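For reference, the structure is listed below as structure tokens.
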Amino acid sequence: MRDPREALEAARRAAAQAGDDGVDQAPWSLEHTPITMRQLVEWAIIEPDESLVYSTRRFGRPITALKRLLIHILYQYLGQISAQQSRFNAHLIARVLQLEGRVRALEEAVSASSEPPASSTSRPGDRST
Amino acid sequence: MKVSQVLCAAGPVDAVTNQALACRALFEQWGWGGKDYAALSASGVHRRAIRPLQALNAAPDEFMLLHYSGYARGLERLFDSRRQSVLISHNITPARFFWDNDPLAAVRCELGREQLAELSRGVGTLAGVSAYNANELRLMSGRTAAVIPVLFERDRLPPAGDPPTGPPTVLFVGRLAPHKRQDLVIQAFAAYRQRQPDARLVLVGVPQSPAHLRALERLAQELAPGAVKFESAVTPARLWDYYRSAHVFLCLSEHEGFCIPLLEAFHFGVPVVAREAAAIGEVVGDAGVLLGDDDGIIEVAELLRIVVGDTELRAELRARGERRLAAFDHARTAEKLRKQLMTLAAT
């Protein structure tokens, strides 16, 4: 076979014959799934995880150890910073929740006002309710 | 002529940084002066080669080249109505790929797109490293945008060497990030491995985040235990060895602004199987097998089997890859860049 397009067609035919072999395939195109409020709340409070300290260098172990030591030494300062950030995050989430509640209430009010009142189906002169 | 270059971020193994350094080498060759600056610099970047942006004290008529690759504070002030400037877009990954795993990166991408749109309306000339990028710039700004491809310094690469002899090896080179879709590469490889049990997969790239690396390692362990190798910190020599020992280069990225590893694969004579997404199709041209939107991992697995096993097809793809590299000839791209800058300087 010399033509790449021919190869692709052959692969497609073979795939059609093979079926999916029970393979659980990830989506070919990724779509963004909105983050749930629960996830946001979980992320809001920062808890530094020492295991996330790493180095991608070839001989990175001593560098990783040094970084961890620095974190230990600066523990008090890092705690202050993360507390400050966590407080901001928590207030922001509270504000988002509050706004969501207001939007929901407004949507309900709008849909209630756009619904035709029960009497509108009555004919003029019909006084029954 | 004096041209200062500005980068949004610089890193020791960053493609955009390498581009800026390659441009600087050309400028020096042409007898042009100027310095290079970055808004952010990772460790390992030589401060003499790329200085902090704060050190830039540009005269209003100074000629500037902005390599745009992501949000950086203060660029608007620097480039607002600066007619003597060229913006080259190296592309920004759409934020949707990062919201789930790395929201901060997603925020940066969103900010970057907004900033790029604003900058593209104020700078002198626009260019993208691919037609895909240039088109994005056109849509953002309503102005024309040229295509100045990546300067591919083929002379710096060692010779391709003999065809690989070891077990069938699938290779992908690129940052371990959601939009590069290494998850699909692992799945397709696992399906291929059912047909070829001794096959192995090598994924070379720095992880976007430790969490993403762990997720990929878990997937690899589950679907193809012991057959997938992750390499995050490789020397150039080791990377070239990986290309030499690969039977096929598999790129299933959903978004790429250019993808230099495709050209490297062509150079090393590695047949390319890639998904036709973003700029990938225009870089690969007719030199690889391009998968469509309706294909899936079974099609990829079958294709890997065919490409690895068919010697005639392999030879054809190698020859086409070699021809394709002519379109990215260094001298040709350098001339295009020079013309673009000279035209701007003359106005």
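Of note:
- Nearest 10 degrees, 0 to 90: helix B:330-346 Cα axis against chain B principal axis: 20 degrees
- Two-site FRET efficiency, B:Ser43 against B:Ala319, from Cβ-Cβ distance with R₀ of 45 Å, rounded to 0.05: 0.60
- Taking a ≥ b ≥ c as the square roots of the eigenvalues of the Cα gyration tensor, region B:212-322 is classed as rounded, since a/c falls below 1.5.
- Rounded FRET efficiency, nearest 0.05, which uses the C-beta distance separating B:Thr144 from A:Ile35 and R0 of 45 Å: 0.70
- Shown is the FRET efficiency for A:Gln76 and B:Arg238, computed with R0 = 41 Å from the Cβ-Cβ distance and rounded to the nearest 0.05: 0.45.
- Working from label points 7 Å from Cα in the Cα-to-Cβ sense, the A:Glu100 to B:Thr343 distance is 5.2 nm.
- Sorting the Cα pairs of the protein assembly as shown by distance into bins of 10 Å, from 0 upward, gives 4, 16, 25, 24, 17, 8, 3, 2, 1, 0 percent per bin.
- Stokes-Einstein diffusion for region B:1-74 at 10 °C, viscosity 1.306 mPa s, with a Kirkwood radius from C-alpha pairs, works out to 129 µm²/s.
- Overall form of region A:1-78 per C-alpha gyration tensor (a/c, 1.5; a/b vs b/c): oblate
- Between B:Thr165 and B:Glu222, residue separation times 0.36 nm minus the direct Cα-Cα distance comes to 17.8 nm.
- Relative to its residue count, region B:28-144 spans a Cα convex hull of 130 Å³ per residue.
- Diffusion coefficient (Stokes-Einstein, Kirkwood radius over C-alpha pairs, 4 °C, 1.567 mPa s) for chain B: 62 µm²/s, rounded to a whole number.
- Among B:252-258, B:107-113, B:266-272, A:107-113, the peptide with the highest mean count of other Cβ atoms within 10 Å heads the list, and the full ranking is B:266-272, B:252-258, B:107-113, A:107-113.
No value in this document is a laboratory result; all are computed from the given coordinates. Computed from a prediction, not measured in an experiment: that's the story for all the values here. Here Cβ is always computed from backbone atoms with ideal geometry, including for glycine, and neighbour counts include all displayed protein chains.
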